[in-house]
Amino acid sequence: MQDRFRADVLKNYNNRTILDRWDDLALADGWLVAGCLFQTVWNLQTNRTPEVDIKDYDLFYFDGDALSQDAEQKVQARVDEILADLGVSVEVSNQARVHTWYESYFGHPYPALRNTHDGIDRFLMPATCVGISPESVYAPNGFDMLYEGVLTANPLTPYSDLFETKAASYRSRWPWLRVAEQSV
């Protein structure tokens, strides 16, 4: 299933180009993550263009020595320059500093993370916990829920208000997705 996932996300021109330029991005513990991956899969399953309705392309990295917003903005500026010709929104996030702003932005506490995988693990829905780099695919919950379109709350981020908003947003674009109870 990992090979299928990689092949599917690479059908999105922007994903493929970002990974082709990976070495230039030079992100410590870097991963291309989130919507640009699972939404590409959902687009393909709906016979839509791989890139349609993808709002942004998220890059996670981990630099525990550079926790300031200014340091993160410098990385963002470098990435913007490298990927400017794509004409898409690319958001860069240092996972080492998410705990410093998450609660004020989303209204819920968030633990300090140890690495980028910790950030991927905490996406609101287990089906969407995916990341890719040129060498690896990371999917701590596997791919079944992703390909079956099953949306459940992630016990690591049990924020029902955020989950419901996100699930409604996804279902407005991919109506075949279904919300299900998380089995323990």
When G107 is evaluated against the numbered criteria (1) over 23 Å from T165 (Cβ atoms); (2) free of Cβ contacts under 8 Å to residues at least 60 places away in the same chain; (3) not basic (K, R), which criterion, by number, is the only one it fails? (1)
Matching residues in region 81-94 - criterion: being free of Cβ contacts under 8 Å to residues at least 60 places away in the same chain and either under 17 Å from the mean Cα position of the chain (by Cα) or surrounded by 14 or more Cβ atoms within 10 Å (Cβ to Cβ) (or both): S89, E91, S93, N94
Could you grab the pairs with beta carbons closer than 9 Å, sequence gap of 6+ or different chains, first residue in region 1-20 and closer than 13 Å to S133 by Cα, second one hydroxyl-bearing (S, T, Y) and surrounded by 13 or more Cβ atoms within 10 Å (Cβ to Cβ)? F5/Y147; V9/T40; L10/T40; N15/T40; N15/Y57; I18/Y57; L19/S133
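Counting just the residues of region 58-84 that are aromatic (F, W, Y) and touching a helix residue (DSSP H, G or I) at 6+ places or on another chain (Cβ under 6 Å), which one comes out nearest to L37 (Cα to Cα)?
In this case the residue turns out to be F60.
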Could you grab me the full set of residues in region 2-24 that are within 17 Å of E148 (Cα to Cα), among the charged types (D, E, K, R) and under 16 Å from the mean Cα position of the chain (by Cα)? R6, D8
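Please go through region 133-144 and pick out each residue that is under 12 Å from F123 (Cβ atoms) and either free of Cβ contacts under 8 Å to residues at least 24 places away in the same chain or basic (K, R) (or both).
Matches in region 133-144: P140, N141.
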Need at least 1 residues that are of a type in the set (S, T, Y) and at pLDDT 95 or above per element, so show me which helices (runs of 4 or more DSSP H) inside region 86-158 make the cut, counting only ones lying wholly within it. 116-121, 144-148
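The values are calculated or read from the model by the stated rules, or taken from the named source; none is laboratory data. In this text, all values refer to a predicted model and were calculated from it rather than measured experimentally. When we count neighbours, we look across all protein chains shown, and the Cβ atoms used for this are built from the backbone with ideal geometry, even at glycine.
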